[in-house]
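To start, the structure under review is shown below, and the notes come after it.
The values are calculated or read from the model by the stated rules, or taken from the named source; none is laboratory data. What you see is a predicted model, and the numbers here were worked out from it, not measured in a lab. For neighbour counting, all protein chains shown are included, and Cβ atoms are generated from backbone atoms with ideal geometry for every residue, glycine included.
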Amino acid sequence: MSSADEFYDDLEIRDPAQREKQLMEQLSSHLAHAKANSVYYGEVFADMDPAEINNREALAKLPVTRKSDLAALQKKTPPLGGINTVPLSELSHIFASPGGLYEPDADRKDYWRYARALWAAGVRPGHIVHNTFSYHLTPAAMLVENGCRAIGCPVVPGGVGNTEIQIQLMADLKPDFFIGTPSFLRIMLNKSKELGHDLSNLKHGLVGAEALPPSLRQELADLGVSVLQGYGTADLGNVAYESKAIDGMIIDEGVIVEIVEPGSGTPVAEGEVGEVVVTTLNPTYPLTRFATGDLSAVLPGVSPCGRTNTRIRGWMGRADQSTKFKGMFVHPSAIMQIAGRHPEITKARMVITSEDNNDAMTLKFAAPGGDAAMAATVGESIRAVLKLGGSAELVEADSLPDDGLVIEDARSYE
C-alpha cells in the first residue's frame, strides 16, 4: 500500500514518462512469454521479435484479437482458444460466460486487479463488503472478491436476486460497502425502506456492468450511498475506474489501453471516440491488443485526485450492435437465434428502453398471420435463449426501419 492512505500504491502517482517506460519494458517481456508459451500467440506472433515491440507505434502494428473472435478460437482449440500459457490443471477456475465463452483465473493475489478500483472507491482493510454480482458460472463476482481479499476485507457473497434475504443479511451484518449493478442497489435501498430495515451503515459502493446515468448516481446518493464506477470485462479484469474526483475513468496500472478506429485497429487522435483495445500484462492469459467492442475516448491531462495515469471517458456505447442488459451482453447473433426458432418471422428488432432507471427489453417482430399467442411463444424463446426477462410484440413489417440494426438501445444516459 502507499504511505498515503488516499492511494492504493505508489504506481498510481508515478511520473507519466516513468510509467510509459516501465510499461513498454514489461510489454516486450509479456510478448516474449506469450509467444513462447501460448499456442495461439505462438502462431500470431510467429514472425514478430518481441524485443522490437517497445513503444506504442510498434504495438499498434500487431494484429488485433476481437472479443467476437473468441467463440471460434475456443471451438478450434478448446476450451480457451490456446491463449492460455499454462495447462488447465494449473488454473484455479474455469468460468463460463453467456455466449458459451470460457475464462480462466489463477491462484495469484488480485488476479483481476480490482483492488485498485475498490481502494479508490473507499474500501479499506477490515471493511465488510456485500457483493451482489453473480457467483454462478461467470467470473463477475470473483473479479471484485479477489480485490477485496487482496485489501483484507471479509466478503458477503450475496450473488444476484433474493432481494429480501439480502436486505436481511445487510441489516444483520451491517456491511460498509456494496458491489453490484446500480439498478440492483437502487432496488435494495428502496425495498429496505418498505421493509423497515436500517441499512444506514452502507455508505459507499463500486458499481458496474451497466450504465450509471448522473440521475441514478444522484438518486443513490440521496438514498445514502455514494457510488463510483469500475470498467472491466470477464476476459481482461479491471481496465479503468473512477476516483472520488468523478472526472473520467483512470486506466489501471496493469494494462495498456489504446483507442482505435473501430474495425481497423489504427489508433485515433487523442480525444477522438474509438474502440477500446487492451493489452493485459497477465502471464496466465496474455490477451494482447484485445478489442473489447466498447467505445470511449482519452481525456486530456490527469485526474484532480492526484493519480497520474491516462483517463478515458468511460463507456460510450458499442462499436458493434451488442449491448448490455441487466449486466449481461446481448448479441445480434442471439436475436437471430430467437428469430430462427420461428420461421414465420420475417423481420425482428430488439429494442431496449429505460423508464425511471428500470430497463426493459422488447423484441418487435413482423410475421404475416401472427397473433398474440405467437407473441407469447416468442417471449418464451427470448427467455430460453438469453436467460433474461423480455417481452415480444407483433408489429407491421413497415414499422421496423431498414437500417440494418438488430438491436436498438433506446435508453437515455442523461
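Only one entry in Pro332, Pro343 is more than 30 Å from Asn190 (Cβ to Cβ), out of contact with any Pro (no Cβ under 7 Å at 6 or more places or on another chain) and without any contact (Cβ under 8 Å) to a residue 24 or more places away in the chain, namely Pro343. Among the candidates Val64, Val44, Val39, the residue that is modelled with pLDDT of 95 or more and either closer than 24 Å to Ala140 by Cα or within 25 Å of the chain's Cα centre (by Cα) (or both) is uniquely Val64.
Within the range 38-60, residues that are of a type in the set (D, E, K, R) reach partners that are in a helix (DSSP H, G or I) with beta carbons closer than 7 Å, at six or more positions or on different chains, in the pairs Glu52/Ala58. Search the range 257-281 for residues being touching a His at 6+ places or on another chain (Cβ under 9 Å) and touching a residue at least 60 places away in the same chain (Cβ under 8 Å), and hand back the single one that is surrounded by the fewest Cβ atoms within 10 Å (Cβ to Cβ). The qualifying residue surrounded by the fewest Cβ atoms within 10 Å (Cβ to Cβ) is Leu281. Answer yes or no: is there a residue in the range 396-405 that is crowded, with 17+ Cβ neighbours inside 10 Å and more than 24 Å from Leu70 (Cβ to Cβ). Looking through the range 396-405, at least one residue is crowded, with 17+ Cβ neighbours inside 10 Å and more than 24 Å from Leu70 (Cβ to Cβ).
When Tyr285 is tested against (1) assigned to a strand (DSSP E or B); (2) within 30 Å of Pro87 (Cβ to Cβ), exactly one condition is not met: (1).
Condition check: closer than 23 Å to Lys324 by Cβ, touching a residue at least 40 places away in the same chain (Cβ under 8 Å) and assigned by TED's automatic domain parsing to the domain that holds Phe95. Does Leu137 satisfy that?
Taking the combined requirement at face value, the residue satisfies it.
Within the range 211-223, restricting attention to residues that are part of a loop (DSSP other than H, G, I, E, B) and out of contact with any helix residue (DSSP H, G or I) (no Cβ under 7 Å at 6 or more places or on another chain), the residue that is surrounded by the most Cβ atoms within 10 Å (Cβ to Cβ) is Ala211. Taking the criterion of being farther than 14 Å from Gly99 by Cα, in a loop (DSSP other than H, G, I, E, B) and in contact (Cβ under 8 Å) with a residue 60 or more places away in the chain, the residues of the range 63-84 that qualify are Pro63, Val64, Ile83, Asn84.
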